[in-house]
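Down below is the structure, laid out as structure tokens.
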Amino acid sequence: MRAVVVEEFGGPEVLKVKDWPDPEPGPGDLVVDVDFAGINFMDTGSRVGFGLVGEVPAVIGVEGAGRVAAVGEDVSGFAVGDRVAWVSVYGSYAQKIAMPADQAVPIPDDIPSDVAAAMMMQGLTAHHFVTESAPLAEGETALVHAAAGGVGRMVTQLLKLRGARVIGLVSREDKVTAAKAAGADEVLVSSDGDFVDRVLALTDGEGVHAVFDGGGASTFWRSIEVLRRVGTLVYYGPLIGEIPTVRMFDLPRSIRITYAVFADHIHSRELLLSHAGDLFEKIREGKLSVDITERYPLDAAAQAHIDIESRRTSGKLLLDPRR
């Protein structure tokens, strides 16, 4: 099979498409023909050696959707030809992948495979943010960074379903439309962190109840400045810039900071199926849209990483290993 392989850590140029051994199903495993693989910032961390891949050479990518090609011993509930989606399974930038069957999510017949692939990482992350990390009530206000991006759009839509007010933050004027389409009540353009005074003005100086910040170290402290008393900073940008160091006495207004680790908020198969099922239902009912903006052939994986790191893109990026 063909796969995107990292042989040494570095920039996008280290991503090479090579022939790679076909996987075999071990006990409890499935082998899946990959229809689509999700492209995430997490993958750029793997590429530079952030400790997510392990030893090289290795195939990166953790998310996707496809059809079961082989079923290992001791597996029940799956058959060849079933469509499944997954997340947190390394090796997804490939034409085939082996995975534990308990990490595969059956895709409903009325949900396209590309939508399922695009939903898993960002959708499950956003779902956790708004139901557990900062479950805002009707009438409360949130600031959502990168509101035109994949996670930002999901967070915005899910917050609006809860009745919250959303102030969206985008880096360029041409992203305002996408953030508003996701449901943001107000959208601010800021590329250098100059949003504090404007957010405080929109909240009569009180600040917001929660900030969802995937902007990394450059926005961390400014996000704290716009929180009201006992507000919550949902931080999920440690791969972008230096990880902030916080002393307890630096935290004002009794605020709370949470850093969501995916393995913690989806820590059982029951939770995986429950969260995914709720997202599928919202998509089916037209309450949640998954915006796929680019589909790249496997040979264009390096370009996909250039694009996502440039912040020029909005919505979800996918690899199509069949191309």
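The values are calculated or read from the model by the stated rules, or taken from the named source; none is laboratory data. Just so it is clear, the structure is predicted and the values come from calculations on it, not from any experiment. Note: ideal-geometry Cβ built from the backbone for every residue, glycine included; neighbour counts use all protein chains shown. For the accessible areas, the whole protein counts, side chains as well, though only heavy atoms, and no ligand, DNA or RNA atoms are used. Shrake-Rupley method; radii C 1.70, N 1.55, O 1.52, S 1.80 Å.
Just the Cα atoms of the range 239-302, one point each, no solvent: what log10 I(q)/I(0) does Debye give at q = 0.14, 0.18, 0.23 Å⁻¹? So the normalised log intensities work out to -0.87, -1.01, -1.01. Note on the chain: helix-only mean residue ellipticity at 222 nm, from DSSP H runs of 4+ residues weighted -39500 (n - 2.57) and normalised by residue number, equals -7500 deg cm²/dmol. A compact globular protein would have a Cα radius of gyration near 2.2 N^0.38 Å; the ratio found for the range 207-285 is 1.33. With a simple spin-label model that places each label point 7 Å from the Cα along the Cα-to-Cβ direction, the separation between Ser289 and Ser191 comes to 2.6 nm. Extension gain for Val230 to Thr258 (0.36 nm times residue separation, less C-alpha to C-alpha distance): 8.8 nm.
Computed with a 1.4 Å probe over protein heavy atoms only, the accessible surface of the range 1-58 comes to 45 Å² per residue. Working ranking of peptides 123-134, 175-186 by packing, defined as the average number of other Cβ atoms within 10 Å per residue, highest first, is 123-134, 175-186. Dimensions of the range 84-174 from C-alpha coordinates, computed as largest minus smallest value along each principal axis and given longest first, are 44, 29, 25 Å. Extension gain, Thr177-Leu200: 0.36 nm per intervening residue step, less the Cα-Cα distance, totals 6.0 nm.
List the relative contact order of the range 42-147 as a percent without decimals, with contacts defined as Cα pairs under 8 Å and 6+ residues apart. Relative contact order for the range 42-147 comes out at 23 percent.
How long are the three semi-axes of the equivalent ellipsoid of the range 33-103, in whole Å, if each is the root of 5 times an eigenvalue of the C-alpha gyration tensor, listed from largest down?
Values: eigenvalues 116, 30, 18 Å².
Semi-axes (√(5λ), whole Å): 24, 12, 9.
Name the residues of the range 165-196 whose amide N is less than 20 Å from a point 7 angstrom out from the Cα of Arg312 along the C-beta direction? Label zone hits: 170-179, 190-192.
Treating the Cα atoms of the chain as identical point scatterers in vacuum, please give the log10 of the normalised Debye intensity I(q)/I(0) at q = 0.07, 0.08, 0.10, 0.11 Å⁻¹, two decimals. The calculated log intensity ratios at q = 0.07, 0.08, 0.10, 0.11 Å⁻¹ are -0.28, -0.36, -0.57, -0.68. Relative to the current alpha-carbon distance between Asp109 and Asp74, full extension at 0.36 nm per residue lengthens the span by 10.1 nm. Take every pair of alpha-carbon atoms less than 8 Å apart whose residues are at least six positions apart; their mean separation over the length of the range 1-46 yields a relative contact order of 28 percent. The calculated pair-distance distribution of the range 1-156 uses every alpha carbon pair, bins of 5 angstrom beginning at 0, and gives 2, 9, 17, 18, 18, 15, 11, 6, 3, 1, 0 percent. Highest mean packing first, where packing is the average number of other Cβ atoms within 10 Å per residue, the peptides 152-165, 301-314 line up as 152-165, 301-314.
Can you work out the accessible area per residue across the range 147-279, with the rest of the protein chains kept in place, probe 1.4 Å, in square angstrom? Each step should come with its number before you reach the end.
Details: 6290 Å² over 133 residues.
Accessible surface, normalised per residue, equals 47 Å².
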